[in-house]
1. With respect to the numbered conditions (1) surrounded by fewer than 22 Cβ atoms within 10 Å (Cβ to Cβ); (2) over 17 Å from the mean Cα position of the chain (by Cα); (3) over 25 Å from PHE320 (Cα atoms), which one is the sole condition not fulfilled by ARG213?
2. I need the full set of residues from segment 254-279 which are surrounded by fewer than 21 Cβ atoms within 10 Å (Cβ to Cβ) and either at pLDDT below 85 or not hydrophobic (A, V, I, L, M, F, W, C) (or both), in order please.
3. Tell me yes or no: at least one residue of segment 176-194 is touching a residue at least 40 places away in the same chain (Cβ under 8 Å) and in contact with a Ser or Thr (Cβ under 6 Å, 6 or more places away or on another chain).
4. Please note which helices (runs of 4 or more DSSP H) are completely contained in segment 61-176 and include at least 3 residues that are touching a helix residue (DSSP H, G or I) at 6+ places or on another chain (Cβ under 9 Å) and surrounded by 24 or more Cβ atoms within 10 Å (Cβ to Cβ).
5. Determine which member of the set LEU308, LEU291 is at pLDDT 90 or above and more than 30 Å from PRO159 (Cβ to Cβ).
6. Considering only segment 177-205, how many residues are more than 17 Å from the chain's Cα centre (by Cα) and not in a loop (DSSP other than H, G, I, E, B)?
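The values are calculated or read from the model by the stated rules, or taken from the named source; none is laboratory data. Quantities reported herein were computed from a predicted structural model and do not represent experimental measurements. Please note: Cβ atoms are built from the backbone with ideal geometry, for glycine as well, and neighbour counts cover all protein chains shown.
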Amino acid sequence: MTVPAEYHSIAVLQIRARPRRTKVVDAGSAVAPRFLPWLVALVSSAARRHNKVMANISSDAPLVAIVTPVFNGAAFLRETMDSVQAISHPNLVHVVLDNASTDATPDIIRAYANARVPVLAARNTSTLSMLANWNAAVALIPETAQYFWLLCADDTLAPHAISCALKIAETDRRILLVGCQWRAYNGQIVGHELPRAKSIFEGKEILRSYLRREHAALAGPHMLVRRCLLNPPLPYYGDGGGAGGIVVSFDTEANLRACVRGLFGFVHDELVHWRQHPGSATSMSSLKMRLFDADWPLLLDRYAAHALGHAEYLDCRKSFRRRLLRRLLLVRLKDGDKTTFDWHVNLMRSRDDAARWRDFADALAEWPLLWLTGQRARVGRPAARVAAAPAAHGRPSAPPS
């Protein structure tokens, strides 16, 4: 393929895909099984043809691909791409997939021609769902890459992020993921609950404590991922479950799946700046409709058998289900949000886990005891959390905006 002169080190691919109709709330849900494997196979084949963009890279250090799917991300994309260019690791490629943006996103990508870190760019001719675009972006990772990190188009990485994560990952080939601290929407530092003296965990050990909600270190895409976890043409993200499947936590589920197979590494430093803003998917739907809460019972059902005893699983599930029902009552009665309440109730019914009024009454009956004992739930994070540490790489201590 001839690369236009104005792109130089940027290889450009037009991905043609059938448009997909979806409700807004399902933007992160699984794509129809017959559609997504076709798309991933198409992009994987194209990616192999574009590996020539890597010919100018030679280093003994492992090649790491930073993967950025973007849709109308002009507001923050330049800052994201600048952070990748500033990364100290000497062997990088930045994979950027434009999901048919209508703003200045293509112009920003073109501005990184001849950048120090080569950019492998692609553009969809029609807008895909968030899940399909993430999988298509991951499918563009060069075959020579040994690791990848999915960096959203409004987030930034610290210059030392990759070198710190690789320092742990390269000590043992069984380490499949390396996570790090990051600041959540409430200003708390994710992962601060993990023991600082320990940076490598048995996968099932970290899975067990996560399913017990003792930490959130496995949440989100902020991970260095060993490339061997990719298994094309099968998608890396998503469960193919359609209605009743994972709604938005497809990145978290990929992390849980990896922990079943190998070790988990962790850097006790804030390596990524996660940005919450009014236009983000988190702000527009996930937090507003409590979509992460909707996914939790399903994650517990799928992965508890790998890390929890049966009695412990039932205890955790009962505890969280009661907490979820109390939250839904607040949404309906205090906030007056019948839409969100009905959506959750219908989703639970579709999963053969219908919530009846006696279940809501049971959940409410537990609340006075939890309030008196200072607990949010019988199984989960402690009520008192460690004070947030100063933000990393020059970021303010306030929650991301």
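1. Against the list (1) surrounded by fewer than 22 Cβ atoms within 10 Å (Cβ to Cβ); (2) over 17 Å from the mean Cα position of the chain (by Cα); (3) over 25 Å from PHE320 (Cα atoms), ARG213 comes up short only on (3).
2. Listed by number, the residues that qualify are ARG257, ARG261, GLY262, HIS268, ASP269, GLN276, HIS277, PRO278, GLY279.
3. No, that holds for no residue.
4. The helices (runs of 4 or more DSSP H) meeting that bar are 130-138.
5. Exactly one residue qualifies, and that residue is LEU308.
6. The qualifying residues number 5.
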